[in-house]
Amino acid sequence: MHDMFQSAGLVAYWRPVDGVRHGLSPVELPYPGQERETLCGTTVIVVKTTAIDWLSPTCAACWDEARDRRDAAAREAGAQ
Ligand SMILES: [Zn+2]
């Protein structure tokens with residue numbers, strides 16, 4: 001569905017936390033119980049997800065940040 005992140009490399013891991021899907025910096029694959037900072041500046045504990053969790057709405061602030069990072073990466077790639 002969201003294939004907009006595939007072309008310019010990974011900019012975020014998306015994980016549902018408390019009913020909202022936040023973007024996490026792609027420094028390492030998130031695992032349950034891990035504390036991670038989201039793209040919108042919140043700190044969350046990564047939880048074990050179920051299929052239902054993935055129906056959660058995407059955090060708008062994380063989405064905007066991820067899109068900015070994607071665009072910046074695309075600009076860098078184009079400048080080389
Ligand atoms: Zn967020």
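What follows draws every value from the coordinates through simple rules; no lab data is involved. Bear in mind the structure is a predicted one, so any value in this text is a computation, not a measurement. Every residue, glycine as well, gets a Cβ built from its backbone with ideal geometry; the counts of neighbours run over all protein chains shown.
List the pairs whose first member sits in region 27-47 and is in a loop (DSSP other than H, G, I, E, B), whose second member is within 13 Å of the ligand (Cβ to nearest atom) and among the aromatic types (Phe, Trp, Tyr), and whose Cβ atoms are under 6 Å apart, counting only residues at least 6 apart or on separate chains?
Listed by first residue and then by second, the contacts come to 30/13.
Going by the structure shown, is residue 51 touching a residue at least 40 places away in the same chain (Cβ under 8 Å) and over 11 Å from the mean Cα position of the chain (by Cα)?
Against the criterion (touching a residue at least 40 places away in the same chain (Cβ under 8 Å) and over 11 Å from the mean Cα position of the chain (by Cα)), residue 51 does not qualify.
Among the numbered conditions (1) among the hydrophobic types (A, V, I, L, M, F, W, C); (2) in contact with a Leu (Cβ under 9 Å, 6 or more places away or on another chain); (3) more than 28 Å from residue 78 (Cβ to Cβ), tell me where residue 39 comes up short.
Just one mismatch for residue 39, condition (3).
Across region 26-80, which residue is farthest from the ligand (Cβ to nearest atom) among those that are surrounded by 11 or more Cβ atoms within 10 Å (Cβ to Cβ) and of a type in the set (Lys, Arg)?
Looking at the filtered set, the residue picked out is 70.
Restricting the search to region 14-25, which residues are in a loop (DSSP other than H, G, I, E, B) and either more than 12 Å from the ligand (Cβ to nearest atom) or under 18 Å from residue 51 (Cβ atoms) (or both)?
Let us first name the residues in region 14-25 that are in a loop (DSSP other than H, G, I, E, B), namely 18-19, 25.
Once the filter is applied, which keeps residues that are in a loop (DSSP other than H, G, I, E, B) and either more than 12 Å from the ligand (Cβ to nearest atom) or under 18 Å from residue 51 (Cβ atoms) (or both), region 14-25 yields 18, 19.
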